1. Could we say that Leu30 is surrounded by fewer than 23 Cβ atoms within 10 Å (Cβ to Cβ), aliphatic (A, V, I, L, M) and closer than 17 Å to Asp245 by Cα here?
2. Can you name every residue in region 278-312 that is without any contact (Cβ under 8 Å) to a residue 60 or more places away in the chain and of a type in the set (Val, Ile, Thr)?
3. Which pairs turn up if I take residues in region 85-102 that are in contact (Cβ under 8 Å) with a residue 12 or more places away in the chain and look for partners that are of a type in the set (S, T, N, Q) and surrounded by fewer than 16 Cβ atoms within 10 Å (Cβ to Cβ) with beta carbon separation below 9 Å, at least 6 apart in sequence or on another chain?
4. Just one of (1) open to solvent by 60 Å² or more (accessible area, probe 1.4 Å); (2) touching a residue at least 12 places away in the same chain (Cβ under 8 Å) trips up Leu58, so point out which.
5. I need a count of the residues in region 136-177 that are open to solvent by less than 10 Å² (accessible area, probe 1.4 Å) and within 15 Å of the chain's Cα centre (by Cα).
6. I'm trying to understand the selection: among the residues of region 15-65, which are of a type in the set (D, E, K, R) and part of a loop (DSSP other than H, G, I, E, B)?
7. Given the criterion closer than 14 Å to Thr132 by Cβ and open to solvent by 10 Å² or more (accessible area, probe 1.4 Å), identify the matching residue among Ala70, Ala25.
8. If Asn234 passes every condition in (1) open to solvent by 60 Å² or more (accessible area, probe 1.4 Å); (2) under 18 Å from the mean Cα position of the chain (by Cα) but one, which one does it miss?
Amino acid sequence: MNQKTKIIIDTDPGVDDALAIAFAALHPDLELLGLTTVFGNVSVDQSTVNAGYLVDLLNIKHVPVAKGEAVPSVQAPHGFPDFVHGKNGFGDIEVSYPSDFKPHALSAADFIIKTIHEHPNEVVLVPIGPLTNIALALKKDPSIAHKVKEVVIMGGAAHEKGNVSPAAEANIWNDPHAAQIVFEAPWKIVMVGLDVTWKTIMPDEPMARIAEKSPVVGGFLKKICEFYANFYRNVAGFDGFSVHDPATVMYVTNPELFTTEQGQIEVVQSGAGAGKTFFAPKGQIYAEDYWSKRDNVHVCLAVDKTGVLTLIENILSTSL
């Protein structure tokens, strides 16, 4: 029997966050040690109660939810994208939040630090929102960079255009200063960015099949995805929606579905290009020597779309 991979998901639920959390909770090879919450798709207060709702819905109340940062580390906060995820992050469907939910006593950063020390070299950090909590944890305890198995990030773009500006992907844009701290830390990072998530578009039919097989969890996910898919249909012309956050968790369970290239990421921290992630491939020689300082990031550049969509449907169909 294979040992389960221990993960912490740092999240701002969010429709695709909900899909990712459900995937992680249901996957037989993952042990979800906790959810840490951050601002992003919604406020941190909303993301925390949304995480509480999900652990109740998924019958994983033993999984702690630790509340994190409400604003970026340096820059002024941007507005919340309620036109993408709805004002409540769940596509504005009516939700009955559990009355007994309480977040963990520790803050998100402190929970991350404590959990990594309890399981040295075993924990995979999976940030699928702005990187504010992760950067703060590093600032409080730099030693965690040497005690994490790896960090698998939803964010950035090496070659694709941005989704909130011509340059930037939303999670990095929401706190580019934190992102730079995380990318330059001495740990292994996998960047699951727009280079692959724009290629993983989930149409309506699989969500309908998931809801039919799993009416409680799948039915909820189908409802919230309708709002999300409508945004993509009207704005981007997609027939379906991108599975940004679930694809990131899928890298942890099935890395063979992705093709990566190793190198260095630098983040533009201010101005019109704020949030842009520049990628320098390993071994490439440039005039400026700061491009040769590290090669700790493995950037996902290609993906087996059919494999990803089949995997998410199979796993989400196993719930109640």
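The values are calculated or read from the model by the stated rules, or taken from the named source; none is laboratory data. Remember, it's a predicted structure, so these values are computed and weren't measured experimentally. So basically every Cβ, Gly included, is an ideal-geometry build from the backbone, and we count neighbours across all protein chains shown. These area figures cover heavy atoms from the full protein model, side chains too; ligands, DNA and RNA do not enter into them. Shrake-Rupley method; radii C 1.70, N 1.55, O 1.52, S 1.80 Å.
1. On the way: surrounded by fewer than 23 Cβ atoms within 10 Å (Cβ to Cβ): yes; aliphatic (A, V, I, L, M): yes; closer than 17 Å to Asp245 by Cα: yes.
In short, yes.
2. Passing the criteria: Ile285, Thr306, Thr310.
3. Gly91/Asn230
4. Among (1) open to solvent by 60 Å² or more (accessible area, probe 1.4 Å); (2) touching a residue at least 12 places away in the same chain (Cβ under 8 Å), Leu58 violates only (1).
5. Going through region 136-177 one residue at a time, the tally reaches 10.
6. Step one: filter region 15-65 for residues of a type in the set (D, E, K, R), giving 16-17, 29, 31, 45, 56, 61.
Asp29, Lys61, listed by residue number.
7. On the way: Ala25 fails: closer than 14 Å to Thr132 by Cβ.
Exactly one of Ala70, Ala25 is closer than 14 Å to Thr132 by Cβ and open to solvent by 10 Å² or more (accessible area, probe 1.4 Å), namely Ala70.
8. So Asn234 meets the others, but not (2).
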